[in-house]
4 protein chains.
Amino acid sequence: MVTPLRGRDELDCAGLERLVEHLVGGGINALFILGTTGEGPGLSYRLRRELVERTCRQVRGRVPVLVGITDTAFIESVNLARHALSSGANALVLAPPYYLPGGQPELQEYLEHLVPELPLPLMLYNMPALTKVNYEAELVRRCLDDPRIIGLKDSSGNMIYFHQMLGLIRRRPDWCLLVGPEELLAESVLAGGHGGITGGANLFPQLYVRLYEAAAAGDLNRAQQLHRLVMQVSNSLYHIGRHPSAVLKGIKCGLACLGICDDFMAEPFHRFRAEERARVQKHTVDLQAAIASLVPTANQQPRVAGTVPRAPEANRAVH
Amino acid sequence: MVTPLRGRDELDCAGLERLVEHLVGGGINALFILGTTGEGPGLSYRLRRELVERTCRQVRGRVPVLVGITDTAFIESVNLARHALSSGANALVLAPPYYLPGGQPELQEYLEHLVPELPLPLMLYNMPALTKVNYEAELVRRCLDDPRIIGLKDSSGNMIYFHQMLGLIRRRPDWCLLVGPEELLAESVLAGGHGGITGGANLFPQLYVRLYEAAAAGDLNRAQQLHRLVMQVSNSLYHIGRHPSAVLKGIKCGLACLGICDDFMAEPFHRFRAEERARVQKHTVDLQAAIASLVPTANQQPRVAGTVPRAPEANRAVH
Amino acid sequence: MVTPLRGRDELDCAGLERLVEHLVGGGINALFILGTTGEGPGLSYRLRRELVERTCRQVRGRVPVLVGITDTAFIESVNLARHALSSGANALVLAPPYYLPGGQPELQEYLEHLVPELPLPLMLYNMPALTKVNYEAELVRRCLDDPRIIGLKDSSGNMIYFHQMLGLIRRRPDWCLLVGPEELLAESVLAGGHGGITGGANLFPQLYVRLYEAAAAGDLNRAQQLHRLVMQVSNSLYHIGRHPSAVLKGIKCGLACLGICDDFMAEPFHRFRAEERARVQKHTVDLQAAIASLVPTANQQPRVAGTVPRAPEANRAVH
Amino acid sequence: MVTPLRGRDELDCAGLERLVEHLVGGGINALFILGTTGEGPGLSYRLRRELVERTCRQVRGRVPVLVGITDTAFIESVNLARHALSSGANALVLAPPYYLPGGQPELQEYLEHLVPELPLPLMLYNMPALTKVNYEAELVRRCLDDPRIIGLKDSSGNMIYFHQMLGLIRRRPDWCLLVGPEELLAESVLAGGHGGITGGANLFPQLYVRLYEAAAAGDLNRAQQLHRLVMQVSNSLYHIGRHPSAVLKGIKCGLACLGICDDFMAEPFHRFRAEERARVQKHTVDLQAAIASLVPTANQQPRVAGTVPRAPEANRAVH
């Protein structure tokens, strides 16, 4: 979930409420806040805590809430984890510390020290493009022995790695293996993955939920049809800016065009100017129409998932 | 300066006092805290503030204190900058936000927004291996127009970039261009650079101060002689570990061997085990002897520098 | 297809004959020689020509033969292409020049100059890990206007790129989009890709042919079952060496274990020593058994494909 | 030395004669042909052989000629090496095979097999940006035991690596350690390096020869003065194109502006168009004037060096 902002260090509270309802109403099975798309590391700790509280309050247990606690400082991860528990969140998500990258044995030791300090179950978050390091196979293998670690979100974009992980986790049937880039949602679920955490679901939750369902059901034609719409979202909205921030800017701008929330961004990033916004506006309208023709709105009722995040069923199609 | 720690989130206060005296007594011209070698991003904000206070108090104005405020969250940089002012620090140091890397125009805008919020002069910190982005020539050129920005520390290890920066900054004679990797201190000062921020100066401050002085005076033979010792420090102490943390571990372990401070490290990193420590111990003794034969101890009196960090003279040979 | 060698600059002619029969008999739909797995750039031009001749002669038109002409020197690509025609080959395969990487407009101009000099249809070969450059979307879009260019083999391992290519090529239904890493064969064909060029098919051609067929037919269960065997090949045979050559060494050593051809390698690489070979031997036997239980040998009759390489049907499941 | 071309696969013979005289007359101490700036890998083998012959004939032993034999195919390196001997060349230069990168033990074994086949002394060529691999310290250390290997050209641009090499080679005082990027010539020679292979010396050989001499003599002021001109060459001529080919294009275009040789380039590259050429023309004139004011033409007499390439004196300031 993106973090709706009204200004520097200021939450867009009304936008947040609308966004949560848009997502829960769109059928998503869980909410992940303070990830990359949520601009987690770009927010002050005060605002992160406020976001956790307000999101949990708005969600009211209808879906599990997962909170990103990735940090370069051990203590700050623990502090935020405790706040997540007291706010009513259900699980935590952790990428490796992202300044000086740790070697695999260092990351192993880090997890061995950190996990006992955490009051909620943990999902690993593999994001090598930003953290400069992978959770490699040997490390994941060891994590399977720890019941407090319940899954892995892989945002590497490397499907060979994903298939290796699928092979590894077979001995922990309760583990949840989710994919990051939404362009890979279809194939990863067809291959046995448990869902995706997809930025575009902020805009069009039904599309991603339906795609997940079609792939999980083995309905290849339907999955291909919906996957092509996902590629259309990606091709039209995510390549307007020239920098790595382009995806975030496209999503936030699209949400503003849909009237859901403000598109203010945490610095060093700034919202699109008028010209780019006009392109996003046009694409968003086109995408809405294309999606509406394939995804009947009758199915837009909220699909309440359980509150136990460790059950793979409950985590699927997290956005 | 490394950050002496006694435990997780606990400063080694006595070690900090000894280290500051070791450095000021060793003739360094300024202190940079909360940089990469200082494990800045790995420390809790509480501990960062405590370190700033205690360091400034211990230094008592004998040399300028520069405080690293690099952060992924704008507000946290500003908060720490304000704390630095109130603690009596003299300047700030800033690498780009290091999670999702900004494009050059985004970094430009970021600086335009951030610098007016900072209550102290700012030195840029180029550290592409960890931030995934350079302060490129065009951006630095624009920064030269802002009197609040007073210099650049380049830790890229790329001397072609360094020479381009030397050319650029000629129109700001008050700017200070410092080099990061200590293996490049000699040549960068011979080429016209203003000094270095060198991790090894934690251990052997005189060596780096003398090398800086020899190079700044154009004494080529002396500079080469001392540079070879610097290479010996690097070759013996910085390659014992196999991960990027090897340099930090070598320095902190060497300081413990010298009886200056504890070698506890901020997680995800951990001090060397007994076997590596024995190697560091041996190398440290050998290096001390080699340095003592070239750097007479009579010269070890503190060299008090002025308190105005913007004067290049005052910033030189910062460690 | 690997290039069977008996010594430095010496073809293993009997091994080559056995290998061609093993592959054609295994049902592959086309042969690609002088690619990365074929050690093309590591062979002398004399040996490359001999290989082209002998392969075409042995194949006798039963399947199309595609010849890699990737080179850093324009003229050498043209020379080899002419030799391919005169030897009876059917198409050419070209990665970008791989020493100093060209920019996209430079590669565009290169293709505009090279393609008219080529006497056979051309398939592009995207291999950024080795050529340091991608055939990017805009360049591929322009290539679609040239009827002499008939397809793209993507060995980037980047499925997002692959999906973008799938979208692009819709207006050239005669184009053939093949995938490189065999671990991605299942999902790329399920997504609409036309097949794969898979190193492991040297060892177990039926496995890859059957997987292609199952995926092309939309038989998800069967495709998953066979894909898991492909992952087993990859996990057991391709990670024994520690260097990028590990895949090649595993395949060649496996072929030697199967009694098909020598495992001599073009320098700078060398065959596995006894210890690694023993591991490959064991894995190969295990894999044979696992594959035999899923892929009935009754289906091992050669599946003769047409000789027109531009028809997607004919190119599918090239190994 | 660049390779003057008149067309695809056609040497500019008159241009080659003028270029050789320009360089030998400019005081260079040796000639390196078929390197990166010489577009070696982009030329047909026929043209490479012709270039070796014509260059040796034109040089007439006035300076040593070093021939690049870098190749992906072992046999082709050997063949070119033999041709170099029979043409009268003095030494060979070899970067690692540059398609599938070898691991360090593989490169070690490669050198152990290749060097005995070479009829001339060999200089290693470290060029990781293009070969994707370094000659690492351990490998270089072993090469010091082989009297047939006589030096290393380091084009990594990494001065920390260069200093490590300087330390390593002390036990082979006959070894020659040269630097690649001309922007690093001054500091590498001041640090004890033996010279440089500098693309800009094609245009302005005296500048680089005088800079080498000033640095080798420890004349810091003069070296800085000339180094600033070298930076001016780099800043004005090498950044006009946007791709990695920009340096080559700038040099070849400059040579055409000086009337020395044609600027035709080996594909996939093409000469600058009129607009870029006009900028090169202007910069070249400006640079000529700036250089003339610092480097008196009276010193432009050829400085004949010995013919024994293994003596460090003879290899210095190779361009």
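The table below lists the values:
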quantity	calculated
Verdict on B:Arg242 being of a type in the set (Lys, Arg) and modelled with pLDDT under 95	yes
Scope segment D:63-81; condition touching a helix residue (DSSP H, G or I) at 6+ places or on another chain (Cβ under 7 Å) and away from every other protein chain (no Cβ under 14 Å); matching residues	D:Val63, D:Pro64, D:Val65, D:Val67
Count - residues of segment B:31-62 that are more than 14 Å from chain A (Cβ to nearest Cβ) and part of a helix (DSSP H, G or I)	8
Counted residues, segment C:141-163 - those being closer than 22 Å to C:Leu190 by Cα and without any contact (Cβ under 8 Å) to a residue 40 or more places away in the chain	10
Residue list for segment C:99-130, restricted to those being hydroxyl-bearing (Ser, Thr, Tyr) and either touching a residue at least 60 places away in the same chain (Cβ under 8 Å) or part of a strand (DSSP E or B) (or both)	C:Tyr125
Long-range neighbours under 9 Å by Cβ, at least six apart or interchain, first residue within 22 Å of D:Tyr99 (Cβ to Cβ) within segment C:40-67, second charged (D, E, K, R) and assigned to a helix (DSSP H, G or I)	C:Gly40/C:Arg48; C:Ser44/D:Glu76; C:Tyr45/C:Glu76; C:Tyr45/D:Glu76; C:Val67/C:Arg48
Subset of segment C:82-102 (residues that are closer than 21 Å to C:Cys176 by Cα and within 14 Å of chain D (Cβ to nearest Cβ))	C:Leu94, C:Ala95, C:Pro96
Cross-chain or 6+ apart pairs with Cβ under 7 Å, segment A:254-274 first and of a type in the set (Gly, Ala, Ser), then surrounded by fewer than 21 Cβ atoms within 10 Å (Cβ to Cβ)	A:Ala256/A:Asp262
Qualifying residues in segment D:242-267 (those that are of a type in the set (Gly, Ala, Ser) and on the phi < 0 side of the Ramachandran plot) - the one farthest from the chain's Cα centre (by Cα)	D:Ala256
Segment B:236-257 - residue that is aliphatic (A, V, I, L, M) and crowded, with 19+ Cβ neighbours inside 10 Å and, of those, nearest to the other protein chains (Cβ to nearest Cβ)	B:Leu248
Helices (runs of 4 or more DSSP H) contained entirely in segment A:172-290, each with at least 2 residues that are of a type in the set (Ser, Thr, Tyr)	A:205-216, A:220-237
A:Val115 being out of contact with any helix residue (DSSP H, G or I) (no Cβ under 8 Å at 6 or more places or on another chain), of a type in the set (A, V, I, L, M) and surrounded by 22 or more Cβ atoms within 10 Å (Cβ to Cβ)	no
Of all residues in segment D:280-307 being of a type in the set (A, V, I, L, M, F, W, C) and exposed (fewer than 14 other Cβ atoms within 10 Å of the Cβ), the one that is modelled with the lowest pLDDT	D:Val304
Condition check for C:Val209: out of contact with any Pro (no Cβ under 9 Å at 6 or more places or on another chain), closer than 30 Å to C:Pro296 by Cα, away from chain D (no Cβ under 14 Å) and β-branched (Val, Ile, Thr)	yes
Criterion (closer than 30 Å to A:Cys261 by Cβ and either of a type in the set (Ser, Thr, Tyr) or more than 8 Å from every other protein chain (Cβ to nearest Cβ) (or both)) met by exactly one of A:Leu144, A:Leu120, A:Leu130, A:Leu111	A:Leu120
Segment B:153-197, subset of a type in the set (Val, Ile, Thr) and within 21 Å of B:Met231 (Cα to Cα), residue nearest to the other protein chains (Cβ to nearest Cβ)	B:Ile160
Of residues in segment D:8-30 being away from chain C (no Cβ under 14 Å) and among the aliphatic types (A, V, I, L, M), the one surrounded by the most Cβ atoms within 10 Å (Cβ to Cβ)	D:Ile28
Residue list for segment D:1-48, filter: in contact with a Gly (Cβ under 9 Å, 6 or more places away or on another chain) and among the polar types (S, T, N, Q)	D:Thr3, D:Asn29, D:Thr36, D:Thr37
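The values are calculated or read from the model by the stated rules, or taken from the named source; none is laboratory data. Model, not experiment: these values are computed from the prediction. Don't worry about glycine lacking a Cβ; one is built from the backbone with ideal geometry, like all the others, and counts go over all protein chains shown.
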